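To start, the structure itself, in structure tokens.
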Amino acid sequence: MTKIARIAYRNLLRYSRRTMLTSMLVIIGIVAVLLFIAIAGSFKQLMVGQITDSMLGHLQVHRKGYVASIDNSPLNLNLKAKQVAKVKAVLKGNSSVSSFSTRLKFGGMLSNFTETANIRLNGINPEMEFQTVPLLSQRVKGKNGTNAAPTLNQGELWIPETLAKGLKLKIGMQVVLVATNQDGSVNGVPLLVSGIVGAMTGPGGRDGYLNIKDAYQLLRIKGEEVNEIAIRLSSLDVVNPVISNLKEQLSAVKNKNGKPVFEIHTWEKLSPFSNIAKIIDLLTLFVKIILIAIVLVSIMNVMLMAVYERIREIGTIAAIGTSPGKIRALFLMEGLFLGFFGAVVGSIISLGIIQFLNWKSLTMSFGRQDTLILTPTIAISEVIITALIVIGISALASLQPAIKASNLEPVEALRHF
Amino acid sequence: MSLVEINNLSKTYQMGEVTISALKDVSLEIEEGTFVSVVGPSGSGKSTLLNLIGVLDQPSSGSIKVANQEVGRLNNKERANFRGDNLGFVFQNFNLIPVLTVYENVEYPLLMVKNEDSGSQREHINGLLDAVGVLEQQSKRPSQISGGQMQRVAVARALVTRPKLVIADEPTANLDHDTAYKIINLMKEMKEKWNTTFIFSTHDPKIIGEAEIIFTLEDGMIKNREDRRIQ
């Protein structure tokens, strides 16, 4: 086999320009694919991280039916104190749950005493919230545009930056928040703007925040009543087993009609970005298919040319007794070498470019977020799989020319000029 | 003892709707260790006969035995194995493998056909290269040596597996007269040294004269068999 490999290698060097051109095509293809996977993957990872770590958490528990009417933030679908306690007990018993945060979401009116605007609000327990969505504090600008300290004391309000601009509100200004409670009566509380929250893509991306105690006061709620429990897990990889486990435990809690009280969703079900993530996965698949097509066509073309140009040589080696299997192996090996060389060089170049992009700090904007820093990375397994696909396709592309070469009748091949 | 036994051998080709008879009912015997020439005008069937004896082609009818084996109905793989085990070839255009050196071209049948270890055969290969006069060229590629030297390398390659029979179809057609004469003499020397049977075709009357047995073909039939050993 080493002899066949040596002859195959020399045959490739014989047509060095053609070999280089074909290899370049394979190299460009593999570089394009690996860079796409790295950049698109890092964008996906970044966005998922932003969404889960600054807004949604990995999982959310609501009262059954809440998510279907989430746009009007209904207060009549709040979880009562006993139900919250049940969920808390289940969550504390799951080792994959790192933290959770209880939220009371509602809609209200915000007034700067001269203008009034609608606002969606999250009443939060700051300590629990910052543990569950640790990137939230990075979105909040405090005094002089600096990031606010991760506190949200009673009497303070964080407002979305779009609303701050519209109502010309600045840190330290007083506003009045008005909301309708479950009984239909309207109440208002004066609050101090202590933070401006940067906008984010997706649900909750333009919400304001206040201390849950202020929310209880405004809505005249007594006891620990919430309508959302955001959950942070030890890793995104455990989302599926944890949700199955939680569903199993929480489905045991039924209402008077014997129907489940709770519903539990992953971040993917709650954020439209999950569709973009799916599109990225689909695009990655298409890019891989294009790579396969490039490798298949270019290597098959070059190997067919090699067979046609070397018919008499094939006749000679067949005449002196080389078996059809060895002739087949010779041409397969040539195709494999082309693919192998392209895959190795392409992978090395790709890894170099990825390092360079990380060193140069690639920034991009998405929606209202304009300083996202991409850190393209690629798993070695992904590089190996892509390289193996290229090598496998190279072998496949060489198969037909190799079979053609091995099936040539020596007497006819020797007559060829 | 007969190395080649041919009985009522015919070969026809289909060219569109026309059937061409390249060989018609040919019967002959070739003894082991003889130096045989097949002569005749173009289209007389020389190459067809050599291709059939060389197990490169299959007959339309009749039987052909080489080294006591009926070779007319072997499949592709069996034919390849038979050629590798029993035959050597010298071609008109030398047909050396351009990417291999002179040494590697001679070594090729041992490694790729006989699956023999190259190290153990180094002495044998060098001996052959020396015998055909190209030992000093062993590191050169075919493109770096002359036509005569290429044909010498081809003779060495044909003999390296110690075949019973070497087929040479017009081995001197692309060489000048002096070189052609040297190549035929070289083949004759090799025949004496290794007791290998050589069958070659040629047009050159002077070279024909070097053969021990001459078969003259005309219109696909044996017109004459001349045994010059008797004279």
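Quick one: residue A:81 ticks every box in (1) under 30 Å from residue A:341 (Cα atoms); (2) surrounded by fewer than 20 Cβ atoms within 10 Å (Cβ to Cβ); (3) in contact (Cβ under 8 Å) with a residue 40 or more places away in the chain; (4) more than 14 Å from chain B (Cβ to nearest Cβ) bar one, so which box is it?
So the condition that residue A:81 fails would be (1).
Condition first: touching an Asp or Glu at 6+ places or on another chain (Cβ under 9 Å) and either in contact (Cβ under 8 Å) with a residue 60 or more places away in the chain or aromatic (Phe, Trp, Tyr) (or both). Now tell me which residues in the stretch A:303-330 satisfy that.
Going through the stretch A:303-330, the residues touching an Asp or Glu at 6+ places or on another chain (Cβ under 9 Å) turn out to be A:303, A:306, A:311, A:315, A:318, A:321.
Selection gives A:303, A:306, A:311, A:315, A:318.
Out of the residues in the stretch B:61-109 meeting the condition of being part of a strand (DSSP E or B) and buried (at least 21 other Cβ atoms within 10 Å of the Cβ), tell me which one is nearest to the other protein chains (Cβ to nearest Cβ).
Residues of the stretch B:61-109 part of a strand (DSSP E or B): B:61-66, B:69-70, B:87-90.
From what's left, buried (at least 21 other Cβ atoms within 10 Å of the Cβ): B:64, B:66, B:87-90.
Details: B:64: 14, B:66: 13, B:87: 7, B:88: 7, B:89: 5, B:90: 10 Å.
Only one residue tops the list, namely B:89.
What about residue A:373, is it surrounded by 22 or more Cβ atoms within 10 Å (Cβ to Cβ) and of a type in the set (Val, Ile, Thr)? Step through it out loud before you land on a result.
On the way: surrounded by 22 or more Cβ atoms within 10 Å (Cβ to Cβ): no; of a type in the set (Val, Ile, Thr): yes.
So residue A:373 fails the test.
For the stretch B:37-50, which positions are more than 13 Å from residue B:220 (Cβ to Cβ) and within 14 Å of another protein chain (Cβ to nearest Cβ)?
Step one: list which residues in the stretch B:37-50 are more than 13 Å from residue B:220 (Cβ to Cβ), which gives B:37, B:39, B:50.
Passing the criteria: only B:50.
State yes or no: is residue A:19 free of Cβ contacts under 8 Å to residues at least 24 places away in the same chain, over 21 Å from residue A:211 (Cβ atoms) and within 14 Å of another protein chain (Cβ to nearest Cβ)?
On the way: free of Cβ contacts under 8 Å to residues at least 24 places away in the same chain: no; over 21 Å from residue A:211 (Cβ atoms): yes; within 14 Å of another protein chain (Cβ to nearest Cβ): yes.
No, not satisfied.
I'd like the full set of residues that are touching a Lys or Arg at 6+ places or on another chain (Cβ under 6 Å) and assigned to a loop (DSSP other than H, G, I, E, B), limited to the stretch B:36-55.
Of the residues in the stretch B:36-55, the ones touching a Lys or Arg at 6+ places or on another chain (Cβ under 6 Å) are B:38, B:40, B:48, B:55.
Result: B:40, B:55.
If you check residue B:183 against the conditions, is it buried (at least 19 other Cβ atoms within 10 Å of the Cβ) and farther than 30 Å from residue A:11 by Cβ? Walk me through it before giving the result.
Working: buried (at least 19 other Cβ atoms within 10 Å of the Cβ): yes; farther than 30 Å from residue A:11 by Cβ: no.
No, not satisfied.
Looking at the stretch B:141-186, which of its residues are touching a Pro at 6+ places or on another chain (Cβ under 8 Å), basic (Lys, Arg) and more than 21 Å from residue B:32 (Cα to Cα)?
Within the stretch B:141-186, B:141 is the sole residue that qualifies.
When the residues of the stretch A:259-298 are narrowed to those that are without any contact (Cβ under 8 Å) to a residue 24 or more places away in the chain and polar (S, T, N, Q), which ends up nearest to residue A:100 (Cα to Cα)?
Among them, the one singled out is A:274.
For the list (1) in a helix (DSSP H, G or I); (2) surrounded by fewer than 18 Cβ atoms within 10 Å (Cβ to Cβ); (3) modelled with pLDDT under 85, I need the number of the one condition that residue B:126 fails.
Checking residue B:126 against (1) in a helix (DSSP H, G or I); (2) surrounded by fewer than 18 Cβ atoms within 10 Å (Cβ to Cβ); (3) modelled with pLDDT under 85, the one that fails is (3).
Please work out which residue is surrounded by the most Cβ atoms within 10 Å (Cβ to Cβ), limiting yourself to the stretch A:308-354 and to residues that are more than 10 Å from chain B (Cβ to nearest Cβ) and either over 50 Å from the mean Cα position of the chain (by Cα) or outside any helix (DSSP H, G or I) (or both).
This residue is A:314.
Which pairs have Cβ atoms under 6 Å, sit 6 or more apart or on different chains, and link a residue in the stretch A:393-413 that is more than 30 Å from residue A:290 (Cβ to Cβ) to one that is in a loop (DSSP other than H, G, I, E, B)?
Hits for this filter: A:410/B:56; A:411/B:56; A:411/B:57.
If residue A:207 passes every condition in (1) outside the structural domain of residue A:91 (by TED's automatic domain parsing); (2) touching a residue at least 24 places away in the same chain (Cβ under 8 Å) but one, which one does it miss?
Evaluating residue A:207 over (1) outside the structural domain of residue A:91 (by TED's automatic domain parsing); (2) touching a residue at least 24 places away in the same chain (Cβ under 8 Å) leaves (1) as the failure.
Tell me whether the stretch A:1-8 contains one or more residues that are among the basic types (Lys, Arg), more than 14 Å from chain B (Cβ to nearest Cβ), over 22 Å from residue A:387 (Cβ atoms) and part of a helix (DSSP H, G or I).
Of the residues in the stretch A:1-8, the ones among the basic types (Lys, Arg) are A:3, A:6.
Restricting the remaining residues to those that are more than 14 Å from chain B (Cβ to nearest Cβ) gives none.
No.
Could you go through the stretch B:123-142 and let me know if any residue there is in contact with a strand residue (DSSP E or B) (Cβ under 6 Å, 6 or more places away or on another chain) and within 13 Å of chain A (Cβ to nearest Cβ). Before you say what the answer is, go through the steps one by one.
Restricting attention to the stretch B:123-142, the residues satisfying the condition of being in contact with a strand residue (DSSP E or B) (Cβ under 6 Å, 6 or more places away or on another chain) are none.
Scanning the stretch B:123-142 turns up no residue that is in contact with a strand residue (DSSP E or B) (Cβ under 6 Å, 6 or more places away or on another chain) and within 13 Å of chain A (Cβ to nearest Cβ).
The values are calculated or read from the model by the stated rules, or taken from the named source; none is laboratory data. Note that the structure is predicted; figures quoted are calculated from it, not measured. Neighbour counts are summed over all protein chains in view; Cβ atoms, including those assigned to glycine, are modelled from backbone coordinates with ideal geometry.
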